[in-house]
């Protein structure tokens, strides 16, 4: 019985920690000058899809996740970005490779921030590389250009 109680208590504490770690706040509730923004642009050659995404946080890279509320907004390549609740980010997807993505964020103080991400060409593993060993070091040398 003691073990069952201890296990239940651990599960309850872990669940609470996970739920509070995923809390999101509206962007209007924080100081607009302390909003931190990360941009990514990914291309998946297997699906032929490019995804441009942005995530807003309070204060720094590990801060509270933020969801934009009106009138704050984000446009990616001139289109409204869609909020993806499961990842707490905004995204747009495109068929094929995109050479760039332009993110335009308007905050609650009517400040407009524009960031352009230039996407480099694909990076492939060197020809002739067929096996990677877990027990030995491996240096992979590649070149990429924009």
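Throughout, read-outs are computed from the coordinates displayed, never taken from laboratory work. Note that the coordinates shown come from a computational prediction; the quantities given were computed from them, not determined experimentally. Ideal geometry is used to build each Cβ from the backbone, glycine not excepted, and the neighbour counts take in all protein chains shown.
Brief remarks follow.
- Cα extents for the stretch 21-118 along the principal axes, largest to smallest and rounded to whole angstrom: 39, 29, 20.
- FRET efficiency for residue 117 and residue 83, using Cβ-Cβ distance with R0 set to 22 Å, rounded to 0.05: 0.70
- Here the residues 82, 25, ranked from fewest to most Cβ neighbours within 10 Å of their Cβ, fall in the order 82, 25.
- Residue order, fewest to most beta carbons within 10 Å, for 58, 103: 58, 103
- Sequence-separation-based contact order of the stretch 21-118, relative, with Cα cut under 8 Å and 6+ spacing, percent: 27
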